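The values are calculated or read from the model by the stated rules, or taken from the named source; none is laboratory data. On a predicted model such as this, the values are computed, not experimentally measured, just so you know. All Cβ positions, even for glycine, are placed from backbone atoms using ideal geometry, and neighbour counts span all protein chains on display. Note: areas computed on protein heavy atoms with side chains; ligands, DNA, RNA excluded. Shrake-Rupley method; radii C 1.70, N 1.55, O 1.52, S 1.80 Å.
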Amino acid sequence: MILVTGGAGRLGYEVVKLLLQQGEEVGVFDLPAVNWSYLEALKGVNLFKGDVTDPEQVSRACKGVDALIHLAAIMPPKSEASEKLTLNVNVGGTRNLLRALRRGSPVVFASSISVYGVTASEEQRIGEDHPLTAHDNYSRSKILGEAAVTESGNPYTVLRIAPITVADLVELPPIIPYRGEQRVEFIFVEDAANAIIAALNVADDKETFNVAGGDSWQMLGREYVDRLYAALGAEVDPRYSDENTAVDWYDTSRSKRLAYQRTSFRQLEERLKALGEEYGLR
Amino acid sequence: MSARIPAVKEKLAGIKSMLAAVKGNEGYAAGLQIRLGQVTNVVTENESKIWLRTRVGEPMLKELQAAIDDAYKVLEGGGSDLESFEAALKEVERKAAMIDEESRRRSMVVT
């Protein structure tokens, strides 16, 4: 069985769907309070409702697990409210899983491009060898989480995943967490899920990859927001961060071997246009 | 903003006034007012959401409006059956929670 932690989230759900399509036996471990209805509708998924900070619950969920896809994490902005809680969940939870996992079982760890810190002054796209900078609770927790995985002795793939986009009507936050003039690169959720599945097959290589949308997704923050909402047909009045944040353009040449970049930004726009019509916005 | 929102807020304010005027069971009515205030907060926090004025959001808002109308009718004309009102309020809270959950699901995610 392949266990997907955080499997009830948007990315997790896509991963679970792909695994089921491949005929895999899938388990999902996520908090009892999250919305399980989408997973329950999939049928045939082993559901474990629990908390990664609880070693006993983790141990129960890891029985009979052959491989782990670890997505569960506290994410921004919630991660910035408490360093202790964020480290407890994102690092302590990772260690609990690694301890409970059968030795030699492959692990895919969902890290984040935020581990590179704020890189706005760099001219080159950010590659995997760029120094890591813990600039907030979340990035610190992901750097420590990566270390826990790479030092565990298990086969692993660490994926530093760019911010994720879905083909859905997503509400803008009061302040968009990047500058309008900042370089940004997102990734479509289905492509991120493809990367995760492919990563499982190369875990013996023990590598770390950037996972981002690719050339067609590299633009400035303002263009990204404008194009998304223009495609939907929704008028928005975005307010951007005054400061550069930890989003940039990424060198994904190394991760090309995972063959996950299947959706161009133009294709996302087409899907959003269709959705805008369905919703009556266009 | 959906065209329904002003009517929804007006009805909620009307219920609040009627609860404030209840005599003889003020403590119970005050508790219900607090719960009604939480529903009002959900409406206020979500009123500018794009999804709420789409073909997905409008039916949910319509259901909330119908539940509020039902709750209003319990107290209308000086009615003081607070237990019946509380039952109606539970349905209002359920509809409001569905809207809140949908908004949360649609909040922008950054990894």
*Is there a residue in the stretch A:239-261 that is of a type in the set (Asp, Glu) and loosely packed, with under 15 Cβ neighbours inside 10 Å?*
yes
*Of the residues that sit in the stretch B:94-111 and are buried (at least 18 other Cβ atoms within 10 Å of the Cβ) and more than 14 Å from every other protein chain (Cβ to nearest Cβ), which one is farthest from B:Lys9 (Cα to Cα)?*
B:Lys95
*Of all residues in the stretch A:75-84 being out of contact with any Pro (no Cβ under 8 Å at 6 or more places or on another chain) and surrounded by 16 or more Cβ atoms within 10 Å (Cβ to Cβ), which is farthest from the other protein chains (Cβ to nearest Cβ)?*
A:Ser79
*Residue, surrounded by the fewest Cβ atoms within 10 Å (Cβ to Cβ), within the stretch A:177-186, restricted to residues that are outside any strand (DSSP E or B) and in contact with a helix residue (DSSP H, G or I) (Cβ under 8 Å, 6 or more places away or on another chain)*: A:Glu181
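Anything in the stretch A:224-238 that is open to solvent by 30 Å² or more (accessible area, probe 1.4 Å), within 14 Å of chain B (Cβ to nearest Cβ) and part of a helix (DSSP H, G or I)? List them, or say none. Steps first, answer last, please.
Going through the stretch A:224-238, the residues open to solvent by 30 Å² or more (accessible area, probe 1.4 Å) turn out to be A:226-227, A:230, A:233, A:235-238.
Applying the additional criterion that residues be within 14 Å of chain B (Cβ to nearest Cβ) yields A:230, A:233, A:235-238.
Across the stretch A:224-238, the qualifying residue is only A:Ala230.
If you go through the stretch A:228-258 one residue at a time, how many are charged (D, E, K, R) and within 22 Å of the chain's Cα centre (by Cα)? Show your work before the answer.
Step one: list which residues in the stretch A:228-258 are charged (D, E, K, R), which gives A:235, A:237, A:239, A:242-243, A:248, A:251, A:254, A:256-257.
When the remaining residues are screened for being within 22 Å of the chain's Cα centre (by Cα), the result is A:248, A:251, A:254, A:256-257.
Adding up the residues that qualify gives 5.
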*Looking at the stretch A:100-130, which of its residues are at pLDDT below 95 and under 21 Å from the mean Cα position of the chain (by Cα)?*
none
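Yes or no, residue by residue, for (1) within 14 Å of another protein chain (Cβ to nearest Cβ); (2) open to solvent by less than 10 Å² (accessible area, probe 1.4 Å); (3) at negative phi:
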residue	(1), (2), (3)
A:Arg99	no, no, yes
A:Ser112	yes, yes, yes
A:Ile175	yes, no, yes
A:Phe188	yes, yes, yes
A:Ala195	yes, yes, yes
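Looking at the stretch A:156-173, which of its residues are part of a loop (DSSP other than H, G, I, E, B), aliphatic (A, V, I, L, M) and facing chain B (nearest Cβ under 10 Å)? Give the steps one after another, and end with the answer.
Restricting attention to the stretch A:156-173, the residues satisfying the condition of being part of a loop (DSSP other than H, G, I, E, B) are A:162-163, A:166-170, A:172-173.
Subset that is aliphatic (A, V, I, L, M): A:162, A:166-167, A:169-170, A:172.
Across the stretch A:156-173, the qualifying residues are A:Ala162, A:Val166, A:Leu169, A:Val170, A:Leu172.
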